[in-house]
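Undergrad: Below you'll find the structure I mean.
Just so it is clear, none of the values below were taken in a lab; they were calculated from the coordinates. Just so it is clear, the model here is predicted, and its values are computed rather than measured. Backbone-built Cβ (ideal geometry, glycine too); neighbour counts: all protein chains shown.
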Amino acid sequence: MTIHQNLIAGEWTGTTGAENINPSDTNEVVGLYASASVQDVADAIAAAKAAFPAWSRSGILERHAILKKAGEEILARKDELGALLAREEGKTLPEAIGETIRAAQIFEFFAGEALRLAGEVVPSVRPNIGVEITREPLGVIGIITPWNFPIAIPAWKIAPALCYGNTIVFKPADLVPGCSWAIVDILHRAGLPKGVLNLVMGKGSVVGQAMLDSPVLSGITFTGSVGTGKRVALSSVEHGRKYQLEMGGKNPMVVLDDADLTVAVEAAANSAFFSTGQRCTASSRLIVTEGIHDRFVAALTEKLNTLNVDNAIKAGTHIGPVVDAKQLKTDTDYIEIGKQEGAKLAFGGELVSRDTPGFYLQPTLFTEATNQMRISREEIFGPVASVIRVKDYEEALATANDTPFGLSSGIATTSLKHATHFKRNAEAGMVMVNLPTAGVDFHVPFGGRKGSSFGPREQGKYAAEFFTTVKTAYTLA
Ligand code: UN1
């Protein structure tokens, strides 16, 4: 099997690596991907540093053209890249193709942004002085991405980093290097000068750690676990660099008595179980007022009965496998914890076997849960959700906000009054009314509050906040 190599200073390199295994069929090796050493990371960082002066002053038309070309190629290859994504991560094929299209749209968006870079000219408070406020590229950016969005998250960090003139050392999750390798290959062939984008695949403990230890990086943008996020933060404080963290969620979906039951059930099922619940925007706390509680549970359970858990690339699969054995163990451990805590297992909870050997777990729903149980407080990151019964809207809102996290918060209601109040008072970075908590647009800010996120928002024009640094220049007329 040929090895997919790392890209360092414009050269493909690396002779040893690791197998990328398909979670829908553990007999299938999706590909062999190089593992970078600490020295490789040092070389990548040096290459990105050397490439920075020229790239940070590159013409906006050059940046526009490369980003546009990359977006076009990703879009043209959406079926092939979507299938690769489904095979390496376990998302269903339609979800995987959708995510690939989204990655293409992100490149297209930032291709446009490259042509819209602008500053401000304002008068000074002193006579005969002009003030210019401009944004300059930050420098060499470390990008560390998670396994659950193998193409969209790399796209939404790489595209703005390049658009605003930064150079990059990029470490994708070692579980899913395939789509990341493809994006880097596409950008390399689209004409990025050497050293502007460096790919270092491999383990967090080696590659990620070497990035955190580097005093050269001007910023690190990270999406992943709370534990690793903390280490990114601590190392960044030590080195005095900018950092941006997107971490966990324990997102609530409130269902009020006046909700349209079909809308509520669709939103809850999507939020909790699509993408196998492996989204930081997934909803795992369904907070339901007592007047609709029993009807909602009955309708949601009926819906869960219709969802097929199977091989991600098989037509008709609604929920793919869990990503690997370790995550599956976390999920099943939490199911046991939920039972021991006294929540009632209303649906699922069992492993299932299919034609191909994979990590298949039924969508799992608990009822009679309280917001104090561990299954309601800790992020599980699997197809496991619980229903928490509450008296009224006020208790629902208080329960929704009673969490260490604050990424996305949803409500199903037909009341304008409650929807309006919830939008204002939900302690979350994103609020969804009659919509799933997950599945966001690519052109508007993404991010959360409290333990979910730190630093400026990602995506859309708000991405400039992290990837640039502001300069204020005064000139005597
Ligand atoms: C989405 O819900 O569309 O890791 C995106 C995650 C998030 C992305 C969610 N950063 O799940």
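Undergrad: Among DSSP bridges having both ends in segment 251-433, what percentage is antiparallel? Round to the nearest 5.
TA: Close to 15 percent.
Undergrad: Got the relative contact order for the chain handy, in percent, Cα pairs under 8 Å and 6 or more residues apart?
TA: Dividing the mean separation by the residue count of the chain yields 18 percent.
Undergrad: Another one. I'd like to know which of 145, 311, 112 lies farthest towards the positive end of the charge dipole of the chain, counting +1 on Cβ of Lys and Arg and -1 on Cβ of Asp and Glu.
TA: Sorting the options by dipole projection puts first 112.
Undergrad: Any idea what angle helix 93-114 forms with the longest principal axis of the chain, computed on alpha-carbon atoms, 0 to 90 degrees, nearest 10?
TA: Taking the Cα atoms of the chain, the angle to 93-114 is about 30 degrees.
Undergrad: Show me the trypsin sites (Lys or Arg not before Pro) within segment 291-388 that DSSP assigns to loop and that have at most 11 other Cβ atoms within 10 Å of their Cβ.
TA: none
Undergrad: Still on this model: Tell me, what is a quarter of the convex hull surface for the C-alpha atoms of segment 68-203, in nm² with one decimal? Mind showing how you got there, number by number?
TA: Working: hull surface 38.4 nm².
The directionally averaged projection comes out at 9.6 nm².
Undergrad: Might you report the magnitude of the Cβ-based charge dipole of segment 27-123 about its Cα centre, with Lys and Arg at +1 and Asp and Glu at -1, to the nearest 20 debye?
TA: 340
Undergrad: If you average the C-alpha positions of segment 23-58 and of segment 171-219 separately, how far apart do those two centres end up, in angstrom?
TA: First find each Cα centre; the distance between them is then 3 Å.
Undergrad: By average Cβ neighbour count within 10 Å, what is the ranking of 276-289, 178-191, 69-82 from highest down?
TA: Averaged packing, sorted descending, gives the order 276-289, 178-191, 69-82.
Undergrad: What shape does segment 397-447 have by the C-alpha gyration tensor, where a ≥ b ≥ c are the square roots of the eigenvalues, rounded means a/c under 1.5, and otherwise prolate means a/b greater than b/c and oblate the rest? Could you put the intermediate results ahead of the total?
TA: On the way: a/c = 1.95, a/b = 1.18, b/c = 1.64.
The shape class here is oblate.
Undergrad: Let me ask you something else. Which lysines does residue 242 reach when only Cα atoms under 22 Å apart count, and residues fewer than 8 places away in its own chain are ignored?
TA: The qualifying lysines are 49, 157, 171, 230, 450, 461, 471.
Undergrad: Here is a follow-up. Could you list the trypsin sites (Lys or Arg not before Pro) in segment 79-119 that lie in coil according to DSSP, counting only those with at most 11 other Cβ atoms within 10 Å of their Cβ?
TA: Those satisfying the criteria are 116.
Undergrad: Taking the Cα atoms of the chain alone, what are Rg (to one decimal) and Dmax (as a whole number) in Å?
TA: My reading of the Cα-based Rg and Dmax gives 22.9, 78 Å.
Undergrad: Rounded, prolate or oblate, given the Cα gyration tensor of segment 251-433, with a/c below 1.5 counting as rounded?
TA: prolate
Undergrad: Additional query: So if I place +1 on the C-beta of Lys and Arg and -1 on the C-beta of Asp and Glu, and nothing else carries charge, what would the dipole magnitude of the chain be about its Cα centre? I want it in debye, nearest 20.
TA: So the magnitude is around 1300 debye.
Undergrad: In addition: Packing-wise, with mean Cβ within 10 Å as the measure, how do 21-29, 145-153 rank, highest first?
TA: Per-residue Cβ counts within 10 Å, averaged per peptide and sorted highest first, yield 145-153, 21-29.
Undergrad: Expressed as a whole percent, how much of the Cα-Cα distance distribution for segment 19-85 exceeds 18 Å? If you can, show how the numbers build up before the last one.
TA: Values: 1464 of 2211 pairs.
So the pairs more than 18 Å apart make up 66 percent of the total in segment 19-85.
Undergrad: Put a dot 7 Å past each Cα toward the Cβ at residue 60 and residue 262; how far apart are the dots in nm?
TA: It works out to 4.7 nm between the two label points.
Undergrad: Determine, for segment 251-433, the count of lysine pairs separated by eight or more sequence positions (or lying on different chains) whose alpha-carbon distance falls under 23 Å.
TA: For segment 251-433, qualifying lysine pairs total 9.
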